[in-house]
Amino acid sequence: MERPQDVSNEVPNARARLLALACVVLATFAVFWPVLGNELVYDDLAIVTRNPRIASFAHVPEQFSSATWDFLEPAERDRVGYWRPLTDFALTCANVFGGGSVRAFHLASVLLHLAAVAAAFALAWRLTKHTLATAFAALLFGLHPIQVESVAWISAINGPLFGALSLASLERFLAWRERGSRGVPWASAVLLALALLAKELAIAIVPCALVLDLFRARADGPWRERLAPLARAYVPLALAFLVYVGARMSVFGSGAGFTLTTTDFGVSAERLALLRAELLGGFLALLAWPARLNLFHPFVPNLGAFDAGMLGPWLAIGALVLALVFARKRRLAVLATALLFVVAALSPVLVRVGSLGIFPLAERFAYLATFGFALALAWALVR
C-alpha cells in the first residue's frame, strides 16, 4: 500500500498549518453563527427547561450516579439505557455561565463543534502530512450539511462533544504509533473514556483505531506487524471500556444498561438485518448527496430488499465496495483508510439498532463518520 504521505512531498512548517487551521475554524464559525439565534425545539424542552440536574454544579454527583433521563420520570430509567454524565456537565456549564440563556446553549454546541473541527484537522494531518488536503478535510467535516442537526439542536450536543474527544483520541493513538509505539497510549485511552461519558457511540474509536493501524505508513508488512505491539496498543483502550462498563453497572445494574431496548420495531429478524443495510447505505448516500436531510426519517416496517426504497442504499453500498476495490488495486492507503473509517465509525449504530429510536436514520449518528468521507473527498481533490 502507498504511504499516506504520497499526495505530495511537501513538508510545510507549523506556521502554515496553524494559519490553515485558523481559516478553517473561522469559516466554520461564520457558517454556524446563525445557530446562536435558534430557539428550543423538540427534546430541548425537556433536556433544558425541565432538567433540574443542570441548574448548578451541585448536581454533578447526581449526573454521574444516575441515568440521563432519570429526571423526567422513573419509567424512563428502565427503558432508555443512556448514561451521558459528561454531556450533562457540558449543559450545566452552558446553563450556569450563560445565565440560563438559550443562546449560551447554542454557543456551547458551536464551540464544541469547532473543537471537533480542530481535532479533525490534527488527525487528517497525521494521515496525509499535506496541509491543503488536511485543510479541505477539516473544512468539509465542519461544514458538511449532515452536521447541522448535531450543531444546531441543543439535544444533540453530545455529538460534537463525543466527536471532538473521539477524533482527539485517534490522533493521540496515531501520534503514539509515530513515536515508534514506545510506552503505552494512555492519552488515547483516557480520551476514549471521556468520549464514552459523552455518548455511547464513542466505542467506535476502537474499530476506527484498527482501521488506522491496518493502513499506516508501514503497511508493506503482514497485518500482524501493523498491529504490533498488539497488547500495548489495545489493552489500554480495553481497560478504559471496562472501567466505563463498571461505572454503568453501578447505575443500571448487572446489565449495565446495554440490555435495554429503546425501540422495539416489532419486525422479523430478516427486516432488522435489512435495516442494517438500509442504515449503512442511507448514511453513505446522505454523506455523498445530502439533499434529503430531515430530523425525522421514519422507519418503514414492511420494506423489502428489492423495493424502490432500498435502491439508494444498495447503490451507495455498491459504490463503497467499488471504491474500496479501486483503492486496493491502486494501493491507495489514504483512500482505503478514509472509506473504511466511515464504516467503522457507523459500526455501533449498525450493531445496536434497537437503541436508535423510531427514526434510526438520524444525521447525528453520522457525526464521526463524516470525517472519513471528508478525508476521502479531500484526498481525491488534492490528488
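The values are calculated or read from the model by the stated rules, or taken from the named source; none is laboratory data. Keep in mind that what you see is a predicted model, and the values were worked out from it rather than measured. Note that each Cβ is placed from the backbone with ideal geometry, even for glycine, and that neighbours are counted across all protein chains shown. Remember, those area values only see protein heavy atoms, side chains included, never the ligands or the DNA or RNA. Shrake-Rupley method; radii C 1.70, N 1.55, O 1.52, S 1.80 Å.
Taking residue 272, is it within 26 Å of residue 361 (Cα to Cα) and either aromatic (Phe, Trp, Tyr) or not in a loop (DSSP other than H, G, I, E, B) (or both)? Considered against the rule, which asks whether it is within 26 Å of residue 361 (Cα to Cα) and either aromatic (Phe, Trp, Tyr) or not in a loop (DSSP other than H, G, I, E, B) (or both), residue 272 comes out as yes. Would it be correct to say that residue 6 is closer than 30 Å to residue 378 by Cβ, at pLDDT below 85 and not aromatic (Phe, Trp, Tyr)? The answer is yes for residue 6. Condition test on residue 148, is it over 21 Å from the mean Cα position of the chain (by Cα), in a helix (DSSP H, G or I) and of a type in the set (A, V, I, L, M)? Criteria not met by residue 148. When residue 49 is tested against (1) free of Cβ contacts under 8 Å to residues at least 24 places away in the same chain; (2) assigned to a helix (DSSP H, G or I), exactly one condition is not met: (2).
Rundown of residues vs (1) without any contact (Cβ under 8 Å) to a residue 60 or more places away in the chain; (2) closer than 26 Å to residue 210 by Cβ, yes/no style:
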{"site": "232", "(1), (2)": "yes, yes"}
{"site": "240", "(1), (2)": "yes, yes"}
{"site": "246", "(1), (2)": "yes, yes"}
{"site": "269", "(1), (2)": "yes, no"}
{"site": "276", "(1), (2)": "no, yes"}
{"site": "293", "(1), (2)": "no, no"}
{"site": "302", "(1), (2)": "yes, no"}
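Residue-wise test of (1) in contact (Cβ under 8 Å) with a residue 60 or more places away in the chain; (2) within 15 Å of the chain's Cα centre (by Cα).
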site: 329; (1), (2): no, no
site: 335; (1), (2): no, no
site: 343; (1), (2): yes, yes
site: 355; (1), (2): yes, no
site: 361; (1), (2): yes, yes
site: 364; (1), (2): yes, yes
site: 370; (1), (2): yes, yes
site: 373; (1), (2): yes, yes
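Report yes if some residue within the stretch 205-224 is of a type in the set (Asp, Glu) and in contact (Cβ under 8 Å) with a residue 24 or more places away in the chain; otherwise report no. Yes, that holds for at least one residue. Hey, any hits in the stretch 187-205 for a residue that's closer than 20 Å to residue 355 by Cβ, of a type outside the set (D, E, K, R) and open to solvent by 40 Å² or more (accessible area, probe 1.4 Å)? For the stretch 187-205, residues closer than 20 Å to residue 355 by Cβ, of a type outside the set (D, E, K, R) and open to solvent by 40 Å² or more (accessible area, probe 1.4 Å): present. Looking at 187, 168, 202, 156, just one residue is more than 29 Å from residue 102 (Cα to Cα), small (Gly, Ala, Ser) and touching a residue at least 12 places away in the same chain (Cβ under 8 Å), and that residue is 187. Would you call residue 26 farther than 27 Å from residue 72 by Cα, at pLDDT 90 or above, surrounded by fewer than 16 Cβ atoms within 10 Å (Cβ to Cβ) and more than 22 Å from the chain's Cα centre (by Cα)? Here the answer is no, as residue 26 does not meet what is asked.
Could you tell me whether any residue of the stretch 104-120 is modelled with pLDDT under 95, open to solvent by 10 Å² or more (accessible area, probe 1.4 Å), in contact with a Leu (Cβ under 9 Å, 6 or more places away or on another chain) and more than 23 Å from residue 366 (Cβ to Cβ)? No: zero hits.
Tell me the residue from 65, 56, 101 that is surrounded by fewer than 19 Cβ atoms within 10 Å (Cβ to Cβ), over 21 Å from residue 245 (Cβ atoms) and in contact (Cβ under 8 Å) with a residue 24 or more places away in the chain, please. Show your work before the answer.
Values: 65 fails: over 21 Å from residue 245 (Cβ atoms); 101 fails: in contact (Cβ under 8 Å) with a residue 24 or more places away in the chain.
56 is the lone residue from the list that is surrounded by fewer than 19 Cβ atoms within 10 Å (Cβ to Cβ), over 21 Å from residue 245 (Cβ atoms) and in contact (Cβ under 8 Å) with a residue 24 or more places away in the chain.
Annotation: residue 18 fulfils all but one of (1) out of contact with any helix residue (DSSP H, G or I) (no Cβ under 9 Å at 6 or more places or on another chain); (2) closer than 20 Å to residue 150 by Cα; the unmet one is (2).
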